[in-house]
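The values are calculated or read from the model by the stated rules, or taken from the named source; none is laboratory data. Note that the coordinates shown come from a computational prediction; the quantities given were computed from them, not determined experimentally. Reconstructed Cβ throughout: ideal geometry from the backbone, glycine too, with neighbour counts over all protein chains shown.
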Amino acid sequence: MITNTIGQSVKRLRIKSGISLSKLAEKSDLSLAYISKLESGKYQTLTLTTSRALAVGLGLTLKDFLEKIGFLEKQDKYNPLRQNSGLRLIASALRSHGYTDQQARNIVSYAKFIKSQPKDRD
């Protein structure tokens, strides 16, 4: 169940920024065809270089862009994932596979619970 693909997130950010596909292509130095295919869901992953280019094109920092498309968890004092980079990585991977932020947090909380249980001595 994929609720929000990378392409949908990029399209949402582009529309919110009020720029056209061609303007984003120009500002990011990416091809119009690539961005169109990305937004239509033909691509499911982004390289760091492409992420940086899209961030520039959208007028965002790389960190803000990655947070807005769900690759990074926003850093706030109420976020239980804030202190553990391994758990943040797992949550980010879950979100990139269509899990919502809340579902990712629930799965990570369950993983913490399992780890806190006494180990079997078989």
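Among the residues of the stretch 7-23, those identified as more than 22 Å from Leu94 (Cβ to Cβ) and either over 18 Å from the mean Cα position of the chain (by Cα) or surrounded by fewer than 17 Cβ atoms within 10 Å (Cβ to Cβ) (or both) are Ile15, Lys16, Ser17, Gly18, Ile19, Ser20, Leu21, Ser22, Lys23. For the stretch 40-65, taking the residues that are among the charged types (D, E, K, R) and under 14 Å from the mean Cα position of the chain (by Cα), the one that is farthest from Ser20 (Cα to Cα) is identified as Lys63. Check the stretch 46-61 and report whether any residue there is part of a helix (DSSP H, G or I), among the hydrophobic types (A, V, I, L, M, F, W, C), modelled with pLDDT under 90 and in contact with a helix residue (DSSP H, G or I) (Cβ under 6 Å, 6 or more places away or on another chain). No: the stretch 46-61 contains no residue that is part of a helix (DSSP H, G or I), among the hydrophobic types (A, V, I, L, M, F, W, C), modelled with pLDDT under 90 and in contact with a helix residue (DSSP H, G or I) (Cβ under 6 Å, 6 or more places away or on another chain). Under the condition of being in a helix (DSSP H, G or I), in contact (Cβ under 8 Å) with a residue 24 or more places away in the chain and aliphatic (A, V, I, L, M), the residues counted in the stretch 7-45 number 6.
For the stretch 88-95, the criterion of being part of a helix (DSSP H, G or I), in contact with a Ser or Thr (Cβ under 6 Å, 6 or more places away or on another chain) and modelled with pLDDT of 80 or more is met by no residue.
Within the stretch 89-105, residues that are at positive phi reach partners that are surrounded by fewer than 19 Cβ atoms within 10 Å (Cβ to Cβ) and of a type in the set (Ser, Thr, Tyr) with beta carbons closer than 9 Å, at six or more positions or on different chains, in the pairs Gly98/Thr3.
The rows are residues; the columns are (1) modelled with pLDDT of 95 or more; (2) assigned by TED's automatic domain parsing to the domain that holds His97; (3) surrounded by fewer than 12 Cβ atoms within 10 Å (Cβ to Cβ); (4) within 20 Å of Ala104 (Cβ to Cβ).
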site	(1), (2), (3), (4)
Thr5	no, no, no, yes
Ala25	yes, no, no, no
Ser31	yes, no, yes, no
Tyr34	yes, no, no, no
Ser40	no, no, no, no
